[in-house]
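Okay, structure first, notes after.
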Amino acid sequence: MISMVVEKKFIEDLMVKHNISKFLEKRLSRAGFSRVEIQKTPIITRITVYVTNPGKVIGRGGETINALTEGMRKKFGIDNPQISVAEVKNEKLEPRLVAKYIANSLERGINARRLLHSTIREIMANGAMGAEIIATGKLAAKGAKAKQIKIRLGYLPKAGHVTQLVDYAKVASYPKYGAIGIKVRITQPGTKFPTKKISKPEIPKAIAAAQI
């Protein structure tokens, strides 16, 4: 019974975080929103927002972040939210930013397979322990059937609680031939997995040579 209550609470927390993330992405798109971390205490709820341009979140005299705090309090019923802003250290290791880059590139007509190959190569070159990019939809010229391209390198657990150690984002791209869904998973440098020793993967020649 206790385990069921804990599991329900865990699922509810994930849903709240997902909804808050969607809310922040709309409000902070110009600030380069990447992700959010939420820590609840008996007194306050600490919300850390990761962006590429912190100044756009804070605003003149703090008016933007104050309005954001009040908006979250009203929309999500959060008592005493405390928002802090952190600058993204490496955009190549942020799944949402990587997915957005891919989406924008596809809309400009960049070849999907070469794009995914070069992107995952850059992710791994920046120290990731593992990465996966999946693009699904109209990836070819007009009239072609929808298909999927999946590129995966390194270590990414697919089952169990350790999957929570892998960062994930999903966005949509809208090139002229039709919508494309893009999923990006990244195992960050230095992530510790119980009883698992991670070795650096060999980069396949096709990915190493990819140019866009």
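The values are calculated or read from the model by the stated rules, or taken from the named source; none is laboratory data. All of these numbers come straight from a predicted model, not from anything done at the bench. Neighbour counts are summed over all protein chains in view; Cβ atoms, including those assigned to glycine, are modelled from backbone coordinates with ideal geometry.
Structure notes:
- Residues considered: Ile102, Ile133, Ile120. Of these, the only one that is outside any helix (DSSP H, G or I) and under 17 Å from the mean Cα position of the chain (by Cα) is Ile133.
Per-residue answers, yes or no, for (1) of a type in the set (Gly, Ala, Ser); (2) over 25 Å from Val171 (Cβ atoms); (3) surrounded by 12 or more Cβ atoms within 10 Å (Cβ to Cβ); (4) modelled with pLDDT under 85:
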| position | (1), (2), (3), (4) |
| --- | --- |
| Met1 | no, yes, no, yes |
| Met15 | no, no, no, yes |
| Phe23 | no, no, yes, no |
| Leu28 | no, no, yes, no |
| Phe33 | no, no, yes, no |
| Ile44 | no, yes, yes, no |
| Lys56 | no, no, yes, no |
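- You will find that of Asn66, Asn19, the residue that is under 27 Å from Val166 (Cβ atoms), at pLDDT 85 or above and not in a strand (DSSP E or B) is Asn19 and no other.
- Sole exception among (1) touching a residue at least 60 places away in the same chain (Cβ under 8 Å); (2) in a loop (DSSP other than H, G, I, E, B); (3) surrounded by fewer than 19 Cβ atoms within 10 Å (Cβ to Cβ) for Arg114, by number: (2)
- Residues in the stretch 175-212 that are closer than 20 Å to Arg114 by Cα and aliphatic (A, V, I, L, M): Ala179, Ile180, Ile182, Val184, Ile186, Ile203, Ala206, Ile207, Ala208, Ala209, Ala210, Ile212.
- Tally of residues being touching an Asp or Glu at 6+ places or on another chain (Cβ under 8 Å) and either in contact (Cβ under 8 Å) with a residue 24 or more places away in the chain or farther than 26 Å from Arg35 by Cα (or both) across the stretch 121-151: 1
- The residue that is farthest from the chain's Cα centre (by Cα), among those in the stretch 163-192 that are over 20 Å from Ile120 (Cβ atoms) and surrounded by fewer than 16 Cβ atoms within 10 Å (Cβ to Cβ), is Lys176.
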